[in-house]
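First up is the structure itself, then whatever we jot down about it.
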Amino acid sequence: MSVITKQAGTSAAPAAKPGRRRFGAMTPPWLFAAPALLVYAVVVLYPSIAGVVYAFTDWSGIGGDMSFVGLSNFSAILHDDQALGSLGNTLLLTVAVVVVQNVVGLLLALGVNTKIKSRALLRVVFFSPVVVSPVMVAFLWKYIYNPDPSAGLNGLFGLHVDWLGDPSVALWSIAGMVVWQYAGYSMVIFLAGLEGVPRELHEAAMIDGAGTLQRFRYVTWPLLAPAVTINLMLSTIGGLKLFDQVFAATNGGPGYATETLSTVLYKQAFVYGKFGYSTAIALVLALFVAAVSFVQIYYLRSREVSQ
Amino acid sequence: MKARTFLLEIVMIAVAVAFLFPVYALVTLSLKSPDQIAESPLAVPSSPTLDNFASAWSSAALGPSLINSTVITVVSLVALIALGSFAAYFLARVRSRLGYGLYILFLLGIVLPFQLGMIPLYRLITDLGLIGTHLGMIVFYTGVQLPFTVFLYTGFIRALPREYASAAQIDGASHLTAFTKVVFPLLRPITGTVLILNAVFIWNDFFTPLLYLGGSGFETVPVSIFSFVGQYVSDYGLVFAGLVLAALPIVVVFLLLQRYVIKGFSSGLKG
Amino acid sequence: MTRETDRLIEARISRSQFFRLMGGAATAALLTACSTRPSTGGTSGAGAGASVDLKFVGVADEKVPMEDLVAAYRQAKAGVSIATSYAPTDQVQTSLRTQLGAGNAPDLHVVYPGNGSAMSMAQIAGAGLLADLSSQAWTTTIPTGFKPAFQLQGKTYIYSAGSSVIGAIYNKKVFEKAGVDQPPTTWTEFLDVCEKIKKSGVTPIALGAQTPWVTQLITYALVPSTVYAKDPTFDDKQAAGQTSFAQSGWRDAMEMYLELQKRGYFNDKPNGTTYEQQTSMVATGKAGMAIQVSAVLQAFRDAATTPDDLSMFPLPGADDPAQVWIPAGVVVGLGASAKSKNVEEAKAFIDFLGKQENINRWAKAIAAIPLTQDAGSTIDPALESFLPLTKDRAVPFMDQRWPNAEVQPTHFAVIQDLLAGKIDIDGALKKMDEAYAK
């Protein structure tokens, strides 16, 4: 994962006394890590381990009655249409968000990374939704997606789409709102990558008679690889864990059309009163996110190296 | 070439205008009375009114929640930077297997969904008498955001030459002084990133404060807005005025510091 | 609340030894790490004379009557103060379940009557977290038909001020303009009325099915006539496995629901329309009526320029007026936490709410029919047409007898899917039967 910061240090190198002595062995004491480790252990590790235990019980979430049920929560997931459907939705939503957000983010970055006069302003405009709470963005978009033909998107374009009410549209509507909020995030990371592309390379390619597309394909794109890695990773993890936006906009409906793993595990715990089962789903989600991130890093890193 | 740049400029501005449509709807509706909204929701307000803002401010109890959010965010950030940078310094420099294992242990925290530990953590915070308090949330955010913070700092420190600190130590400085006087100042770029990414996350986080602060009178901005919208959802003008007010502080801070914020977001995360 | 009492509560709940050991170790570790003394916030307002602070967490629907009665209690009893907070149902459900799970519930909190939801009396009392109210005088007068809503195994655990009905909230002006002079009393008449309103250019029925709880109201309004009028013991038979949703009048009710949609009596895109939009459509005369619960009558009136235009009638779910039954359910109430250190004080407040005058006060604020009635009781004039039916042709809301918290959300989801044409009635009833069996 060092890819993310591998060059960062070079930008902060004031004049010091390098190489006065090769003295690498001066490791700081354990005590430096102890406070962080303690807080991390208390707030994250211990509760997660204690929580995992619930995944093997039938605890309702309240009261003292609970018994161990072995692996039956996990086998129940395999027969649970709602959980399986939400897994499908989560995957579709993630793929849609990852692809569209990064393509849009890249196009915006390429557009802003030019000599146009408004580039500084545009950067701010496209990035600004990132800093706002997803719940508030969802409330705003609930209005934008209003089925009323005189309001929102329908009013603007004279459409009659039931954006959040039609089960075959709702999931994509949610993806649209997520992309709107985070395309600027991808843009900024791509921009940082583009700034690292040396101008001379472009000029050399131009002299060789390369067109815009060719220059992008052979000069810009390979050097963007690290930015692509980090963008794909962030948007994938974000997509898989997506909760706030769905909770505030549709709460999983209509029917089960926008139910994601996060909303299902929320409902199992707080609406259906099946805390043990909910924890089992959370555990599956955790393993899933970890596996996907691992595969992504492994694959994308090897791509970076080979180029 | 000039003509192409000009064309591109037009296209990009058009894209930005389309992009801002939701924001236009937000502001326009917040300036209208319910009758005006019923008549023509999207038209430019002919006689804008600020009534919505006055009533949203009082009925959403935004004043106290802004204070809550600010206290929780600021103190958590200080704790994260202090704990995170010290730990990362150790993790980046230690060469033992155990040290590497510890680093992986921290990274594990990035993928763990917080729902796993939800109830045990709640019990723990209750036992400590911290439930429904600022301190409880601060401890929570410090712990939950530590993995990401440690990850960012460690990567950055690994790329720093070891010699700076070593040199200082040979001059007789302790590890502590070497870190605070020599290394930490060098971490400024990544500290900016840590600050900004964590600030945006903590300020906007919704589910945990909903669980842990719901009904306590110590709600943060997103939780207050959630219940505010739940109560007045039929009155778009009022709801949107509330959204504008709630988003305003962070948007203003962003606009003032936009250069640093955008840089912070990308520099720690770039290739 | 001090840490010591939390410990006591923790000890009493007594989960497995393992958790406590781990919790204790971690607690000790953190305490040494943080030298700051935790400042206990949250409830406050202990005035000089006040000796007991109670905390109440409720849903937004309870705010008006609760605030009124808390103020009255302050007058009646010095030394006890009650800090209240209210939030939308989703939010309360989430934070309260967490608090209950961790053994940190407020002294008094919202409870839904009967069974069938995560915050319902049977579920919470079943976990041993509600205080028994059976010794209070008002509990002896609970009408027999309502007992399942209040009681688990013969003990009363919830206070509620009365019942509300489900029917059509309608706009009299729209009905007049469409040439309808009398509310319908049979299903055929009801369809005629809708047709007339539709011809007059107004949406007959506003449906805000994006808001999950709204989806259920039309089925709830019809099922008493299609199921219970034919077999009042349906609930018991279903519990015994002798019948099911698919084999009963539930099928007729869903067919009638979809017939209304097929004939174009609903607004366009009901799945994208919210409860609030539904409210304003009826209040402003853009729609003729909405099938709703009487507890929201006040919200409809608030949204209308002339509140007197709004009234209610029972939705006739049968063609024989004698077979028209109505749903009359106990309204959302509150209970006292069994684990509270102030449980006696909390129960005393509920006893106060149980006085007839206070039942009247609460019921009036939410247009409910008071649980028990005396000369001081008032009933909203809009509900008059329901009163002849409340005696022996009323059934509690269906979910209050459902065995788990999964049937109701399943009902919400299948209705949305039916409206969207994604499943058929067979599929919908099958899913509900499956949820019931869990």
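Summary of values
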read-out	value
FRET efficiency for B:T49 and B:L256, using Cβ-Cβ distance with R0 set to 30 Å, rounded to 0.05	0.60
Degrees separating the helix C:250-262 axis from the principal Cα axis of chain C, which is the longest one	60
Sequence of A:S133, C:S280, C:S244 once ranked by neighbouring C-beta atoms within 10 Å, starting from the fewest	C:S244, C:S280, A:S133
Ranking of A:H160, A:H79 by count of other Cβ atoms within 10 Å, fewest first	A:H79, A:H160
FRET efficiency, A:W172 to C:A239 (Cβ-Cβ, R0 41 Å, nearest 0.05)	0.45
Most positive-pole-ward Cα, C:T372, C:S81, C:V64, against dipole of chain C from beta carbon charges	C:S81
Cα centroid separation, the range C:245-291 to the range A:27-102 (Å)	39
For C:N267, distant residues with modelled amide H under 5 Å away	C:I205, C:L207
For a label point 7 Å along the Cα-to-beta-carbon line of C:S51, residues of the range C:342-374 with backbone N under 19 Å	C:342-352
Burial ordering of B:F206, A:F294, fewest other beta-carbon atoms within 10 Å first	A:F294, B:F206
Per-residue mean of C-beta atoms belonging to partner chains within 10 Å, peptide A:149-157	4
Length-normalised contact order for the range B:59-267 - Cα pairs under 8 Å, 6+ apart - percent	32
As computed over chain B, the Cα convex hull volume per residue (Å³)	189
Label point 7 Å beyond Cα of B:S59 along Cβ direction - residues of the range C:261-298 with amide nitrogen under 15 Å	C:276-277, C:280
Mean separation of Cα contacts under 8 Å, 6 or more apart, over the residue count of chain A: relative contact order %	26
Volume in Å³ per residue [convex hull over Cα atoms, computed for the range A:184-307]	124
Efficiency of FRET between A:T114 and C:E255 - r from beta-carbon atoms, R0 41 angstrom, step 0.05	0.10
Projected label distance in nm at B:V74 and B:Y100, using a 7 Å step from Cα toward the beta-carbon	4.3
Value of [θ]222 nm, deg cm²/dmol, for chain C, DSSP H segments ≥ 4, -39500 (n - 2.57) each, nearest 500	-12000 deg cm²/dmol
Span-rule helices in chain A, defined as complete DSSP H runs reaching 18 Å or more along the axis (Cα) with Kyte mean at least -1.0	A:81-112, A:170-195, A:225-241, A:275-306
Label zone at C:K177, where the point sits 7 Å out along the Cα-to-Cβ direction: the range B:36-50 residues whose backbone N lies under 17 Å	B:38-39
Under Karplus coefficients 6.51, -1.76 and 1.60, residue-wise ³J(HN,Hα) of the range C:407-413 in Hz, glycine/proline x	5, 5, x, 5, 4, 3, 5
Straight-distance crosslink candidates among lysines, where the alpha carbon sits under 26 Å from C:K286 and sequence neighbours closer than 8 are dropped	A:K142, B:K32, C:K172, C:K173, C:K177, C:K196, C:K198, C:K199, C:K262, C:K269
Kirkwood hydrodynamic radius over Cα pairs of the protein assembly as shown, then Stokes diffusion coefficient at 10 °C and 1.306 mPa s, in µm²/s	52
Nitroxide proxy distance, nm - points 7 Å out along Cα→Cβ at A:L78 and C:A246	2.4
Cα-centred dipole magnitude for the range A:198-307, charges only on beta-carbon of K, R (+1) and D, E (-1), debye, nearest 20	260
Antiparallel DSSP beta bridges within the protein assembly as shown, as percent of all bridges there, nearest 5	60
Longest exposed-site-free window of chain A, the sites being trypsin sites (Lys or Arg not before Pro) in a DSSP loop that have at most 15 other C-beta atoms within 10 Å	A:118-307
C:S135-A:W221 pseudo-label distance in nm [points 7 Å out on the Cα-to-Cβ vector]	8.0
Volume per residue of the C-alpha convex hull in the range A:46-306, rounded to whole Å³	167
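Computed from the coordinates by the stated procedures, all read-outs in this text should not be read as laboratory data. Because the structure is a prediction, the values reported are computed rather than measured. Glycine gets a Cβ as well: all are built from the backbone with ideal geometry, and neighbour counts include every protein chain shown.
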